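All remarks here apply to the structure that follows.
The values are calculated or read from the model by the stated rules, or taken from the named source; none is laboratory data. From a predicted model like this one, the values you see are computed outputs, not experimental measurements. Cβ: placed from backbone, ideal geometry, glycine included. Neighbour counts: every protein chain shown.
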Amino acid sequence: MTSPSIEPLQLFETSPGNWSLMLTDQHFGKVASIFEQVEGFEGSGYDWASVAHAVVGRDAPHLEGRFGTDPEAGMFVAYGSDNGALGELGALLAKAYSDAEYLGGLVAISELD
């Protein structure tokens, strides 16, 4: 079940003790124009992975190394056994999704993967 605090992301247990945080391409269009303001970014799953690393580096360094990412063009996925870390990352990314200024600042400091 998705926590309202991380929508439109979803956090779910993929196997006992292993978790995935996901954002699918059906949600990318709403914020694509924010990504497109920075050369090379389109708002793909890869770009969301870059934003995830940027938000950790800037706003949540205590999450560093507590999850992995496995993005695709049409999907962002972070995974790991630390449900709490993924939930916190989900809340930060949900904030970025709903706050254009916050997202724009993160995209501006993100590095393309």
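General remarks:
- Scope region 1-24; condition at pLDDT 95 or above and either closer than 15 Å to residue 105 by Cα or in a helix (DSSP H, G or I) (or both); matching residues: 6
- Residue within region 44-63 that is among the polar types (S, T, N, Q) and crowded, with 18+ Cβ neighbours inside 10 Å present: yes
- Selection from region 57-87 of residues that are touching a residue at least 40 places away in the same chain (Cβ under 8 Å), in a helix (DSSP H, G or I) and closer than 16 Å to residue 14 by Cα: 83, 86, 87
- Count of residues meeting criterion [closer than 15 Å to residue 25 by Cα and among the hydrophobic types (A, V, I, L, M, F, W, C)] in region 79-97: 2
- In region 88-104, the residues that are of a type outside the set (A, V, I, L, M), in contact (Cβ under 8 Å) with a residue 12 or more places away in the chain and out of contact with any Ser or Thr (no Cβ under 9 Å at 6 or more places or on another chain): 88, 97, 104
Residue-wise test of (1) surrounded by 17 or more Cβ atoms within 10 Å (Cβ to Cβ); (2) among the hydrophobic types (A, V, I, L, M, F, W, C); (3) farther than 16 Å from residue 32 by Cα.
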{"position": "91", "(1), (2), (3)": "no, yes, yes"}
{"position": "94", "(1), (2), (3)": "yes, yes, no"}
{"position": "99", "(1), (2), (3)": "no, no, no"}
{"position": "111", "(1), (2), (3)": "no, no, yes"}
